[in-house]
Every structure is written in C-alpha cells, then in structure tokens.
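Heads up, the thing below is written out as structure tokens.
Just so you know, all these numbers are worked out from the coordinates, no wet-lab data involved. Since the structure is predicted, the reported quantities are computational estimates derived from the model, not experimental observations.
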Amino acid sequence: MCKSGCIILRQLKQFLISEDGPTAVEYAVMLALILVACITIITSLGTQISGTFSTVGGALGS
C-alpha cells in the first residue's frame with residue numbers, strides 16, 4: 001500500500017516543485033480575464049448595434 005501511496009506523494013511533490021503547475025494556472029487566469037473582457041465588449045457592442053438598427057429601421061419605416 002505504501003508503494004502506490006509513496007509514488008503518488010512523490011509525483012505530487014514533483015508537480016508542486018516544477019514550474020509547470022504555476023505556469024498552467026497563470027495561463028488559465030489570463031484566459032479567464034480575456035474571456036471576461038471579450039464577453040463584456042461583445043455585450044456592449046451588441047446593445048449599441050441593436051439601438052442603431054432600431055433607429056435606422058424606424059427612420060426607414062416612416
């Protein structure tokens with residue numbers, strides 16, 4: 001039992017020491033921030049474009 005448990009602990013220790021774990025977390029945080037910014041911009045532009053189309057549609061309908 002200790003053999004498999006020791007292997008898991010050894011791999012966990014190696015993962016925490018290596019640079020791969022923190023780097024992956026940093027990339028995930030950057031990706032999340034970029035996605036939030038894109039969603040916010042697209043939502044804002046969608047609202048503005050909808051208002052513009054409504055104004056143009058109203059002017060053409062008259």
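Figures for the structure shown
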item: Extension gain from PHE53 to ARG10, taking 0.36 nm per residue of separation minus the Cα-Cα distance; result: 9.4 nm
item: Degrees separating the helix 2-17 axis from the principal Cα axis of the chain, which is the longest one; result: 50
item: Calculated SAXS-style log₁₀ I(q)/I(0) at q = 0.13 Å⁻¹ - the chain, Debye, Cα scatterers; result: -0.62
item: Length added when fully stretched, LEU60-ALA37, from 0.36 nm per residue minus Cα-Cα; result: 4.8 nm
